[in-house]
Amino acid sequence: MVDVGKWPLFTLLGAQEVSSIRQACVFGTSANEAIYITQDDEVFVFGLNCSNCLGTGDSQSTMVPKKLDFLRGKKVVSLSYGSGPHVLLATEGGELFAWGHNGYSQLGNGTTNQGVSPILVSTNLQNKKITQVACGSHHSLALTHDGEVFAWGYNNCGQVGSGATANQPTPRRVTNCLQGKVVMGIACGQTSSMAVLDNGEVFGWGYNGNGQLGVGNNGNQLTPCRLAALQGLCVLQIASGYAHSLALTDEGLLYAWGANTYGQLGTGNKSNQLSPVHIMAEKERGEGEWPAVGSKRTRENTEEAWHRETDRIVEIAACHSTHTSACKTQSGQVYMWGQCRGQSIVLPHLTHFSCTDDVFACFATPSVMWRLLSMEYDDFLTVAQSLRKEFDSPETADLKFSVDGKYIHVHKAVLKIRCEHFRSMFQSHWTEDTKEVIEIDQFSYPVYRSFLEFLYTDNVDLPPEDAIGLLDLATSYCENRLKRLCQHIIKRGITVENAFSLLSAAVRYDAEDLEEFCFKFCVNHLTEVTQTAAFWQIDGNMLKEFICRASRCGAFKN
């Protein structure tokens, strides 16, 4: 569970105030300002109020949280802060608000007047729904629902992407190489900008003195420039530090480039990199390169973790206020490197943390948050938690399923409430209604147990290959939400080896979104996929259909 109390600023609040928090962000040059959103969608701020970045309408610091009535009831979906400082906030309705320092028009309202309270940014954004925001030191980016990027503010190095170096007073769409392309993620370094497209390509623009754009040189780029070194890789996530960048591919591989003064690239040295370098690859580890900081883990623990080839990376973390990097693997292990409480950690170091947020709370300087944080609490058992606890409990169950010779204990009432299939089954004219044990032979034990557990927990924990069987069950039982969850697991677990099997299953179970995802993966890794056993085991009709479809999207062009 994420503990907001790990950020010193939140020790100012009482237990009742802390328990009401749903989202939070700590920012400021000394991590001395905070904004939080309650369960009731009320927005509060407290702290130093440097450059009016609390948005309270005055310049007073406050130890006591103040409510921003202007934002009341607006669900926040994205928040970012600039080290200028200024703040950008996007709501569920797609509105964009800004406040704080505005000396370079980074608030996007056409002036350089300080924003003492939240300003609705609307110029050139009419009928645009903003889904993500990102701030550099004095410039701003916004991503729209349809994949367009808008930029404004300080532009001395081309970080607005306009082709010139004049400051941009209002949002302007970033075009040039991004024209006609769909962007799915944005990030800002101190004076640079990054975007990742829906096809996995990455572009960078702005200041490049440390190689943070990854284009192979250290010349500034006034318009978006594609990272040619990542050609053939499909990037899912990007993150920018003060002057370095990270990218995560769909195969769980991590690349880093840019400034490396504090070891923030994780390469084992402090040399800057002008092009992306694959890190956390076993071959890069040398004898004696096992730093010991911030964790009770032994060298053996760390080495064991590195050897788990299947434990792919699923999240990367950095922010432009720090020189710290972090990542999380599929099994939940968290690594950190770079500037960590004054030390330079030059190789990714395994921590005892359960989330990347804790790395920034405990080791970053300043100890800001790298993203808008979402809270969960377990200080008492909710209805959902009580149900989760009683799954497969012989003490309270009134029914057993027998699958592959093993019993799963359940409660009829819960199954009837949670699933239409069981509501129909447990009716007086069905023989199952009178049975104490029901035999299941069409699904395996892991699959059926996972399905029943989902009815109690809303969660699924299965490897992608088993998730295929669960996708079959979800389709049979018309459980659409479970179907979506299975698709998500399969997407996270796709590899070159299993990609074609997963594509075949997606076609078989009529999962269009998953089919599209698996198809794109196969095309992006076409050479490797066509050399796997799964590819050669498919029937002729599907092979013909795949080849035709792949050729239509240019997979076989020289």
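The values are calculated or read from the model by the stated rules, or taken from the named source; none is laboratory data. Since the model is a prediction, treat every value here as computed from it, not as a measurement. Neighbour counts run over all protein chains shown; Cβ positions are idealised from the backbone, glycine included. Side chains are part of the model used for accessible areas, which takes the heavy atoms of the whole protein and leaves out ligands, DNA and RNA. Shrake-Rupley method; radii C 1.70, N 1.55, O 1.52, S 1.80 Å.
Some notes on this structure:
- Local net charge near residue 521, Cβ-Cβ under 14 Å (Lys/Arg +1, Asp/Glu -1): -3
- The angle between the Cα long axis of helix 512-524 and the longest principal axis of the Cα atoms of the chain comes to about 60 degrees, rounded to the nearest 10.
- Report summary: the helix-based calculation at 222 nm, which adds -39500 (n - 2.57) for every DSSP H run with n ≥ 4 and divides by the residues of the chain, gives -6500 deg cm²/dmol.
- Count Lys and Arg as plus one, Asp and Glu as minus one, and take only other residues whose Cβ is under 15 Å from that of residue 163; the net charge is then +2.
- Simple spin-label estimate for residue 556 and residue 461 in nanometres, 7 Å along Cα-Cβ: 4.6
- Taking Cα atoms only, the orientation of helix 445-457 departs from the longest principal axis of the chain by about 60 degrees.
- Area accessible to solvent at residue 440, 1.4 Å probe radius, in Å²: 20
- Over the chain, equivalent-ellipsoid semi-axes from the Cα gyration tensor in Å: 41, 30, 24
- Think of a 1.4 Å ball rolled over the protein heavy atoms: the chain then has 43 Å² of accessible area per residue.
- Gyration tensor over the Cα atoms of region 37-105: the corresponding equivalent ellipsoid has semi-axes (square roots of 5 times the eigenvalues, largest first) of 19, 16, 9 Å.
- Pairwise Cα separations in region 87-188 fall into 10 Å bins from 0 onward with the following percentages, short to long: 18, 54, 27, 2.
- Helix axis angle, 499-508 relative to the chain longest principal axis, alpha carbon, degrees: 60
- Inter-centroid distance (Cα atoms) of region 487-537 relative to region 320-357, Å: 32
- Protein accessible area in the chain, 1.4 Å probe - carbon and sulfur %: 48
- For region 424-519, a simple Cβ point-charge model (Lys and Arg +1, Asp and Glu -1, everything else neutral) yields a dipole of about 200 debye relative to the Cα centre.
- The share of alpha-carbon pairs in region 156-213 lying farther apart than 13 Å comes to 60%.
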